[in-house]
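Input: a single structure, listed below in C-alpha cells.
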Amino acid sequence: MTKKRRAAVSLDAILKGAQILLPHPRIGLKLARIEAEKKFFPFLNPKRKSGYARKIHQLSIRITDLCNLRCHTCGQWGDNGFLHGCNPGELKGREVSGKRYLEIFDDLVHHGHRPNVYIWGGEPTMYVSLLDILYGATERKMPVSIVSNGHRIASMAEELIKSRLYLLQLSIDGHNGDVHNGLRPSAGKGDAFNDILKGLQAVYECRKGRPGLPIVASLTVISKQNMHHLVDIYHRFKKYVDIFVFYPSWWINHEQAERHETDFSERFGFQPKLHRGWIGSWKPDEYQTLAEQIKELKSLSKSLSAPSVTFIPDITTVADLEKYYTDHQETFGYDECVSIFQAVELDSNGDMSPCRDYHDYIVGNVKEKTITELWNSERYRDFRASLQRDGLMPVCCRCCGLMGY
C-alpha cells in the first residue's frame, strides 16, 4: 500500500529558511502553522466531509494574464495554452483594480483572516499596481510572495525589498541563455536569461546589510532540454539563490483530459475546457540520468551553508520518476487535496475558484462579493465535498495544488 502523503516543505528548506526568518518570527510562525495544519488536517477539520473550511491560510492571486514569454510547458500561453487567441488588451481591461484588492484585504482582516499572499500570473510585474498590492498586504500583516520570470525585477529590486516582500520566486529553466531562452521564448524581443541574471544580481546587492529578506527561490520545470543540466543550474545561481525548487512539470495527456471531462461533467453538470491547456508530453529521455542529477543535487545541498534543494513532488528513484511521467493514475500517496480547504484562488478578472490550475469551476467574483462571503458558500462547499466524497478528479494527479501547496 502506498503511504498517504500531503504536500509539505522539505526539512532541509525549513531548517535553512529558519535561519533567514529568525529576525522575522511572525512570518516563521505563520509558515510553521500552515505546515502543522497540513500534517494534522483530518483532526483539525472535522467538518471537511460537508465541504466546510476553517481559516484562510493563503490568498493566491493570478494578478494578470499578460506575459512577455511563451514558455513551452505553460498551460496559459504555452504550446497548448488556454489563453491562445485571447486579446491582451481585453485581458488587461478585465483585471481587478489595485483599489479593490486593498478593500478585499481589509475585509479579510476584519473577519480574522491574515493569509499569506501569493502573487503570480501571467507575469506579475506587468500588473500596473503591483507595488501598491505588496505594500498594502504587508502593512496589513499579510506576508507576500511573488513568482516572476525575471521581467523588470532588476529595476524593481529596491522597491521589492522596501515593501518587505518575504519570498521572491524566479523561474529558471537553464544554466545559460541557449537552454533557458529555448524553453522560455520571448513573446517579442527580449532575453529572459539576462533578465533573470540581472534581477538576481540586483536583489543580491540590495539585500546586503539587511535582515535577509526576501528569501530568494528558483523554480525549475524539469524537461528533456534541461534534465542534463540541473546540477549546472545549481552551480550557476547558488551565489544568489537560497532555495532551489525542481518540478517534474504539471501536465496531462489526451487520455487523462478526456477522462476528466467525463468525470467533471458527471460531478458538476457542465463541460470543463481550461485543463486542455496543460496537455503535453514532457517525458525525459533518460530516467537514470535524471535520477543521478537529483542524487547529486541532494548531496550538494547537505551542508548547512549551502542553498537547500527541494523536489516537488519528492520522487527520486528511477522507477518512481518513470511512473510519474508514464502512469497518470499514480498519485504517490497524494490522495487528498488540502489546498481547497486552506487557499483561495483568484483569477485575474476576479473569478474565485477552488483550483489554481484547472479553474473551470467558479464560485463567484470578488468584484461583486468579498472572499469571506464566498469562502464557505454553498457552491464552494459542494466542490470540496465532492473531492472528499468521490475522490480526486483525473487531472488532480498532476497538479501543484495537490502535490506542491
Using a 1.4 Å probe on heavy atoms of the protein chains only, the accessible area for residue 110 in Å², nearest 10, reads 150
Rank these by accessible area, largest first, 1.4 Å probe: 64, 289, 317.
-> 317, 289, 64
From the Cα gyration tensor of segment 11-402, with a ≥ b ≥ c the square roots of its eigenvalues, which class applies: rounded if a/c is under 1.5, or else prolate if a/b is larger than b/c, or else oblate?
-> rounded
Using only protein heavy atoms and a 1.4 Å probe, report how much of residue 40 is accessible, in Å² to the nearest 10.
-> 100
Helix-only [θ]222 nm of the chain, DSSP H runs n ≥ 4, -39500 (n - 2.57) each, per residue, nearest 500 = -11500 deg cm²/dmol
Hey, in the chain, which Cys have no second cysteine's beta-carbon closer than 4.7 Å?
-> 67, 86, 206, 337, 355, 396, 397, 399, 400
Would you mind checking the pairs 92/273; 239/302; 238/298; 239/283; 30/302 and listing those with alpha carbons more than 24 angstrom apart?
-> 239/283; 30/302
For segment 325-405, rounded, prolate or oblate, judged on the Cα gyration tensor with a ≥ b ≥ c (square roots of eigenvalues), a/c < 1.5 rounded, else prolate if a/b > b/c?
-> prolate
For segment 198-250 and segment 271-339, what is the separation of their C-alpha centers, rounded to whole Å?
-> 18
Under 22 Å between alpha carbons - lysine pairs in segment 126-236 that sit 8 or more apart or on different chains | 5
Relative contact order (percent, whole number), the chain, Cα cutoff 8 Å, 6+ residue spacing | 23
With a point put 7 Å past each Cα toward its Cβ, work out how far residue 49 is from residue 35 in nm, to one decimal.
-> 3.2
Per residue value of the accessible surface for the chain (all protein chains in place, 1.4 Å probe), Å² | 42
Using a 1.4 Å probe over the heavy atoms of the protein chains, calculate the carbon and sulfur portion of the accessible area of the chain as a whole percent.
-> 51
Roughly how much of residue 172 is accessible, in Å² to the nearest 10, using a 1.4 Å probe?
-> 0
Identify the residues of segment 198-236 with backbone N under 17 Å of a label point that sits 7 angstrom from the Cα of residue 295 along the Cα-to-Cβ direction, or state none.
-> 228-232
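The values are calculated or read from the model by the stated rules, or taken from the named source; none is laboratory data. Small disclaimer: the values here were computed from a predicted structure and weren't measured. For neighbour counting, all protein chains shown are included, and Cβ atoms are generated from backbone atoms with ideal geometry for every residue, glycine included. The protein model used for the area step is the full one, side chains on, heavy atoms only, and it has no ligands, DNA or RNA in it. Shrake-Rupley method; radii C 1.70, N 1.55, O 1.52, S 1.80 Å.
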